[in-house]
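What follows is a set of notes on a single structure, which appears directly below.
What follows draws every value from the coordinates through simple rules; no lab data is involved. Owing to the predicted nature of the structure, the values given are computational and were not obtained by experimental measurement. Glycine gets a Cβ as well: all are built from the backbone with ideal geometry, and neighbour counts include every protein chain shown.
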Amino acid sequence: MSRERDRERMVARLRERDDIGERALDALAAVPRHEFVPPARRDEAYADRPLPIGEGQTISAPHMVAAMADLLDPRPGDRVLEIGTGCGYHAAVTAELGADVFSVEYHAPLAERARERLDRLGYGVAVRAGDGREGWPEHAPYDACYLTCAAESVPDALFAQVRPGGTLLAPVGGATQRLVAFTVGEGACVRDRTDHGGVRFVPLL
C-alpha cells in the first residue's frame with residue numbers, strides 16, 4: 001500500500017508540471033515502477049530521477065518517461081519499436097497506452113531480465129537482445145519508434161522501419177543532447193522535425 005501511495009504522489013507531482021497529458025500520467029499511475037528497479041533501490045523507486053539498473057544503464061526519471069510517452073502518444077493497436085529496453089519500465093508505460101511494443105536491448109542480461117519481468121507483470125512486450133541500431137525489421141513497418149538512449153544521429157535503419165507519416169522520437173547529440181521528434185516521409189526521409197528541448201541520456205551503444 002505504501003508503494004501505491006508513493007506512486008500516486010509521484011503522478012500528482014508530475015501533474016503539477018501542467019505539461020504532460022492525462023493519458024501519459026494515467027499510464028505511469030498504472031505501472032509499478034518499484035518492480036523495475038533493483039531491490040536495494042526500491043525505496044527510491046518513485047523519486048523523480050534516474051536510477052542505476054546494471055550494465056552501466058539507468059531507468060529514466062519518471063518525468064522524462066511521461067514526457068516521451070505524451071509526445072509519442074501511441075493509439076491502441078499501434079506497433080511501436082523501442083530501442084533500449086533497459087529494465088522494461090518505459091516499454092510497460094508504452095504498453096499501458098495500448099501499443100504493441102517491440103523492444104531491442106543491447107545487453108543480453110538486461111534483455112533477459114526485462115523479458116521475464118514484463119511477462120510476470122502481464123505486459124505482452126516482445127523483447128530481444130541485439131544491436132538497436134539495426135532495429136527489428138522482421139516486425140516493420142512500425143507506427144512509431146523511440147530511443148531511450150542518445151544517438152549522435154539516428155540510424156537510417158530505424159527511419160526505414162517506420163511507416164510514412166509515423167513518428168520517431170529520440171535524444172540526439174553527444175555532449176549536448178536535444179529531444180527531437182521526426183515525422184517520417186516517403187522513402188524513409190525526414191518530412192519534419194520538432195525540437196523539444198535539452199535532455200541527458202546514456203549514449204546508444
Among 187-197, 160-170, the order from most to least packed when residues are scored by Cβ within 10 Å on average: 160-170, 187-197
Inter-label distance for A108 and R200, nm, one decimal - labels placed 7 Å from Cα along Cα-to-Cβ: 3.3
Gain upon complete extension [R178, R193; 0.36 nm per residue less C-alpha separation]: 4.2 nm
Among G88, L71, P155 the positive-end extreme of the charge dipole of the chain (Cβ point charges): G88
Cβ-derived FRET efficiency at R0 30 Å, S153 paired with R42, nearest 0.05: 0.25
Where GluC sites (Glu not before Pro) fall in DSSP loop in the stretch 125-205, at most 13 other Cβ within 10 Å: E152
Extended-chain gain in nm, criterion 0.36 nm per residue less alpha-carbon gap, E16 and R75: 18.8 nm
Full-extension gain in nm, A160 to R23, via 0.36 nm per residue minus C-alpha separation: 46.5 nm
Computed [θ] at 222 nm, deg cm²/dmol, the chain (DSSP H ≥ 4; -39,500 (n - 2.57); rounded to nearest 500): -9000 deg cm²/dmol
